1. Look through region 127-146, keep the residues that are without any contact (Cβ under 8 Å) to a residue 60 or more places away in the chain and farther than 18 Å from D177 by Cα, and return whichever of them is most open to solvent (accessible area, probe 1.4 Å).
2. Under the condition of being in contact (Cβ under 8 Å) with a residue 12 or more places away in the chain and open to solvent by 30 Å² or more (accessible area, probe 1.4 Å), which residue from region 185-198 is farthest from L156 (Cα to Cα)?
3. Taking region 43-69 on its own, how many of its residues are among the charged types (D, E, K, R) and closer than 22 Å to G101 by Cα?
4. Specify the residue that is nearest to K146 (Cα to Cα); the eligible residues are those in region 212-226 that are in contact (Cβ under 8 Å) with a residue 40 or more places away in the chain and part of a strand (DSSP E or B).
5. Among the residues of region 89-116, write down those that are modelled with pLDDT of 85 or more, in a loop (DSSP other than H, G, I, E, B) and farther than 21 Å from H149 by Cβ.
6. May I ask you to verify whether E72 is within 22 Å of the chain's Cα centre (by Cα) and surrounded by 11 or more Cβ atoms within 10 Å (Cβ to Cβ)?
7. Working only within region 48-64, note down all residues that are in contact (Cβ under 8 Å) with a residue 12 or more places away in the chain and part of a loop (DSSP other than H, G, I, E, B).
Amino acid sequence: MDSEKRGRGGRRGRHGHRGGQDRDVRLSKSLSFVLRHGAAQMGLDMSSDGFLFVEDLLSHPQFGSFSLEDVERVVATNDKQRFKLCTHPEDGRLQIRANQGHTVQVAELELRAIGPDDPDCPREAVHGSYLQHWPAIRAQGLRRMKRMHIHLAPGLPGDGGVISGMRRNCDLVVYIDLHKALTDGIPFYWSENRVVLTPGDSDGTLAPKYFTRALQLKPLRCELPLE
């Protein structure tokens, strides 16, 4: 009887079943929310550099049905490598952080500045969005909104080495002239999982003058006019 219960919904029976995959997706989404946006409103104490202690996270009611094993598996298998686990340098306790996507101010994210002469500086970077937003993007540029950075990828999903930077269901991509923006003093960074991040200009914007092209991806791929 106990084994039947565990197989239907308990932790021991979830591997290899759709229910286990659904649990991992739910955990990944919950981690994204708390680590990027909602730690304070959930009463969790996030450090200035964006880390939460895993033991504190798992003691919260929202994460009560998950284990350390669940967290470690989701971090290790996340296809976009959204999270980082490490031990605290002073007391050795395990802590977790989102690699990017924060709307709360986080200091000391492990970002590497991109220079125009760097050998790995892409000529263009790509921002994924949705066709419904194209009129506003074309007119006003890309805005970081409530996030710390605008997210870009070094290519389209599925291109070699591109694992993150946009949602796979995006039906619009906008290409950015990285060298032109860098020359104008707009900073860009590599995140730990190879997402290109920029705070934009002083208004948090990447202006349309940095667009090189825009593509509609679905239902048919075609180039969109920039003006």
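The values are calculated or read from the model by the stated rules, or taken from the named source; none is laboratory data. Because the structure is a prediction, the values reported are computed rather than measured. Cβ atoms come from the backbone with ideal geometry, glycine included; neighbour counts cover every protein chain shown. Heads up: the accessible areas ignore ligands, DNA and RNA and are worked out on the full protein's heavy atoms, side chains in. Shrake-Rupley method; radii C 1.70, N 1.55, O 1.52, S 1.80 Å.
1. The residue in question is K146.
2. Top of the filtered list is P187.
3. From region 43-69, those among the charged types (D, E, K, R) are 45, 49, 55-56, 69; that's our starting set.
Applying the additional criterion that residues be closer than 22 Å to G101 by Cα yields 45, 49, 56.
Total meeting the criteria: 3.
4. A214
5. G92, R93
6. Yes; evaluated as a whole, the condition is true for this residue.
7. Passing the criteria: S48, D49, G50, F51, H60.
Listed here are the residues, each with its yes/no results for (1) modelled with pLDDT under 90; (2) aromatic (F, W, Y); (3) open to solvent by 70 Å² or more (accessible area, probe 1.4 Å).
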residue	(1), (2), (3)
G9	yes, no, no
L27	no, no, no
H37	yes, no, no
D45	yes, no, yes
G64	yes, no, no
Q81	yes, no, yes
